[in-house]
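For reference, the structure discussed in these notes is given below.
FYI, it's all coordinate maths here, none of it is from the lab. Just so it is clear, the structure is predicted and the values come from calculations on it, not from any experiment. Cβ atoms come from the backbone with ideal geometry, glycine included; neighbour counts cover every protein chain shown.
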Amino acid sequence: MPDAPLTPDQQREADQFAALFLRVAQREAQRFGELLATRPDAQLLGPTEFDLRTLVHRLGATALEAALEERKKGATLGPPSSVPIVDPMPT
């Protein structure tokens, strides 16, 4: 959590990354369900707990990689700016 309130641009970016994270999480949710469905109650703690943590770490790593890839491409995740582009001044 940020220490200070987000600027409007930061809030917009945070919302866009949250949407990206949800798309990644949706794909991984099936694995979570399969893991939990295949383990009896007596095995939910212990090794299953560590397996679930591994999946959660993988989810975080995948989301981080996707966010870094977006920034690396220089892409903006939001709508284009409403500020008009100004031609350079004539010489």
Report task. Please go through segment 8-44 and pick out each residue that is surrounded by 11 or more Cβ atoms within 10 Å (Cβ to Cβ) and in a loop (DSSP other than H, G, I, E, B). Result -> R39, L44
**Report entry** Close pairs from segment 12-41: first farther than 20 Å from R58 by Cβ, partner surrounded by 12 or more Cβ atoms within 10 Å (Cβ to Cβ), Cβ under 8 Å, at least 6 apart
**Finding:** E13/L77; A14/L6; Q16/L77
Query raised in the report: Is it true that some residue in segment 47-54 is loosely packed, with under 11 Cβ neighbours inside 10 Å, of a type in the set (A, V, I, L, M, F, W, C) and closer than 18 Å to A67 by Cα?
Result: no
